[in-house]
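Please read the structure below before turning to the comments.
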Amino acid sequence: HVLRKAAWRLPALADLAVLRFNTRGTSSLRGASEGAFDNADGERYDVAAAIEYAEFAELPNIWLLGWSFGTDLALRHGCDPAVTGAILLSPPLRYSAEEDLATWARSGKPLTALVPELDDNLRPAEARQRFAAVPQAEVVGVPGAKHLWVGDAETVLDEVVRRVNPQVTVPLPTEWD
């Protein structure tokens, strides 16, 4: 739901284009994508295709925003010359390796991890230890939040806007025309 809210709200409220996509083998209300889940390896092509699409559409200032498994994809396959930075929501760091973090560290690109206090996989204290390998990484613990961000989507959207379009005043409004 948090990515759906980002796609609906951020273009209207923060002048941010949002490209939302499912990776291979993912099912949603709109159907299932082609291909099969590949443990964050074959999904590299999905990430590359999304970045290429954003470049082709001449979208400025491309940031990656991943949630859960999508954070591993951003870390493993998203440190591309066209990408400005990445924001990770509930990163489990299940598929990401030390060399992936080292790639981001060498790039100097901004990397923000929003970590729920009550996450099922990785909590703020451990996240700070794991992301210490990336000097420019910012780990933001979100008190009371859980992995799915239910009830905390507005906090997430405000944190995204603070980094990607800091000229926009936050908190974002909850109603608009």
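The values are calculated or read from the model by the stated rules, or taken from the named source; none is laboratory data. Values in this document were obtained by computation on a predicted structure and should not be read as measured data. Note: ideal-geometry Cβ built from the backbone for every residue, glycine included; neighbour counts use all protein chains shown. Keep in mind that these areas ignore ligands, DNA and RNA; they rest on the heavy atoms of the full protein, side chains included. Shrake-Rupley method; radii C 1.70, N 1.55, O 1.52, S 1.80 Å.
Remarks
- Among residues of the stretch 43-65 that are more than 15 Å from residue 16 (Cα to Cα), those with a Cβ under 6 angstrom from a residue that is of a type in the set (Asp, Glu) and surrounded by 14 or more Cβ atoms within 10 Å (Cβ to Cβ), sequence gap 6+ or separate chain, pair up as 51/80.
- Residue check, residue 89 more than 20 Å from residue 106 (Cα to Cα) and open to solvent by 50 Å² or more (accessible area, probe 1.4 Å): no
- The residues on offer are 99, 138, 126, and the sole one that is outside any loop (DSSP other than H, G, I, E, B), open to solvent by 70 Å² or more (accessible area, probe 1.4 Å) and touching a strand residue (DSSP E or B) at 6+ places or on another chain (Cβ under 6 Å) is 138.
- Residue in the stretch 169-177 that is buried (at least 16 other Cβ atoms within 10 Å of the Cβ) and outside any loop (DSSP other than H, G, I, E, B) present: no
- Every residue from the stretch 1-10 that is farther than 13 Å from residue 67 by Cβ and either in contact with an Asp or Glu (Cβ under 8 Å, 6 or more places away or on another chain) or open to solvent by less than 60 Å² (accessible area, probe 1.4 Å) (or both): 9, 10
- Selection within the stretch 138-177 - β-branched (Val, Ile, Thr) and either touching a residue at least 12 places away in the same chain (Cβ under 8 Å) or within 12 Å of residue 10 (Cα to Cα) (or both): 139, 140, 142, 150, 155, 156, 160, 161, 164, 168, 170, 174
- Filter result (surrounded by fewer than 21 Cβ atoms within 10 Å (Cβ to Cβ), in a helix (DSSP H, G or I) and either in contact with a Ser or Thr (Cβ under 9 Å, 6 or more places away or on another chain) or among the β-branched types (Val, Ile, Thr) (or both)) within the stretch 47-72: 51, 69
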